[in-house]
Every structure is written in C-alpha cells, then in structure tokens.
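Data block below; observations after.
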Amino acid sequence: MGRKGDFALPVAAAALAVLYGASFLPGLGGRYVERPSETAVLNRKYAASVSRVMLEQADGRLVLSKDAEAGVWRGSDGTSEFPADAERMARFLERLQAVRTWCRVADGPGAAAEFGLSEEERFTLSYWTDGDAGAPASLFIGASDFSKTMRFVQAGGDAAVYRMEVDFDGFLHTEPRYWYDPYLVPRNLFSPASGTIARISVAADGRTFSVLDAPRLSELRHGALCPSLPEGGAVLSLAVEVAAGGTVFLAVHPHPSGDFAVSCRAAPDWNYAVFISSWTYGKLREILGIQ
C-alpha cells in the first residue's frame, strides 16, 4: 500500500482478525459462531482519491480509470476503450462507502470454495487510490446465503469468510454496456460546468454550415459500442464545440446491419465508435435542420 490507512478493506481485514481471533467460538469444520463488526468496503475519507477500479470474474475483466487531469472516467475491457458513465460511477462509489455488518462464518483451508469464493466462481472488486502504485484493496464476492440478501465475501489478504449485505449487485458487471456513457455526445468527456454545447459545425449532403442552438442534441443516446471503427465515407459529420473550448468530432457511417456506426474523436486520445438506429439518425438530421 502507498499510504498508511488509505483503504478500508486492508484495515478491516487486520482489525477483524485481531478482534475476532479470541472471541469466536470454533465449531465443526472450522466454523465460528457469528460475531458482527461494522465497517465499509471503501472508507469515505479516501473515496475522492480512488483512481482506478477493476471488476473481474472468470469470463471477463473491466477496468475503470479516472483521468487525473480531466477528472473523467475511462472504461476498458481489453478490446475497446470508452467514456464511462460518470453518474453511475459516482453511485457505485457512494454505495461502497456504506457501513456494513460483517459476520465471520468460516476460516481455514477449503473454506473459500465452500462459499462460492474459489477463483473460478468469485467476483473480484479491486480499487486503487491516487499515487498508490502498490497492491489494490480487494473484495472477493461469492455465493448468496439462503435469504438472497447477503453474500459470502473475503477481504483481500484475509482467509476468513464473512457474511455481508451486498446491495451493489447491480454494479457487479464486466460488460461495457453497463458502464459506457450512453449519450451520442458523451457527457463524461467534459465536466458539467463546461459541457454546454456552444456551436456545431456540420457537413452533410455536400454542404457545410453551423448550428448555434441545438439543445436536443445533448439528449440523443446511442445503442451500443461498435467493436471497430467504421470505414468508408461518412454521410454526416459534426464538430461539436462545448463552452470551455473542447470539441467532439462525430462521423456517421451507414452499417451493413441497416443501422449507423458513429465514430467519436476527442482530445486527448478518445477514438471509439457506437451504433445508432435509423430512427436516431433521422432525429439527428431533424435536430440539425437537415431535410
């Protein structure tokens, strides 16, 4: 760890081991009578300094990284990179800061596999903080208990198994569709204060023109990430300038599926593509005043 006390999980693991070591009553098979403790997955004091989150399971991995200079979140699944949904990230980190009851239920060799915590079965949540190049804080999440409201978990570095309420199941996904910014003009590339659209330069149907007022453009959503950048000529190109001076370049290309693929470029190094439906393409032309 880079700074002492940066993470709630390592501290919790150490504290739980010390506090519970003498008080748990051993039972059959290395089990314990549950004795609860209260702690958060992420210490609220250090929530603002979280710079990277990794979500991992047997069939996939997703990394969410925060750009230190721009303050925006970037997602990557190893194949494509995309602007992550800033509001969803904020809700996720806020949920992790809730104080929870941890009940130690088992320990010893083989305990992990019994509770769905083997490497093949578990879901791993890890996070790093700014300036910390060391090991992350990790939480291993296993099977649900009989009530379906609690999950069996392990804090990274602690062999003991705990039962804990996990109310952030909706965030435990490694597929990009759960995390990308859903807007055609991605809101995550700019801070809310600077994201107001100032001007749009348009190239379509063999002519170029500017649009100064198109508030509905910021409400248009795309359908999904496109696995590769579109090729060939664009039927519509936009340069969307925001109030703070940044620009998003969009180019709309016909796709063999009958929909459209839109490439998106923006500083410093954004270059990805999304799908939009023919209906959305029609609305885009309508918003821009193209007949």
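Averaging the Cα positions of each part gives two centres, and for the range 31-106 and the range 136-154 these lie 14 Å apart. Highest mean packing comes first when the peptides 85-91, 136-142, 55-61 are listed by Cβ atoms within 10 Å, giving 136-142, 85-91, 55-61. Note on Glu286 and Phe146: the model spin-label points, each 7 Å out from Cα along the C-beta direction, lie 5.6 nm apart. Positive contributions from Lys and Arg (+1) and negative ones from Asp and Glu (-1), summed over other residues with Cβ under 12 Å from the Cβ of Leu284, come out at +2. Solvent-accessible area of the range 61-172 (1.4 angstrom probe, protein heavy atoms only): carbon and sulfur portion equals 49 percent.
The values are calculated or read from the model by the stated rules, or taken from the named source; none is laboratory data. Nothing here was measured: the structure is a model prediction, and the numbers come from that model. Please note: Cβ atoms are built from the backbone with ideal geometry, for glycine as well, and neighbour counts cover all protein chains shown. Just so you know, the surface numbers come from the protein's heavy atoms only, side chains and all, with ligands and any DNA or RNA stripped out. Shrake-Rupley method; radii C 1.70, N 1.55, O 1.52, S 1.80 Å.
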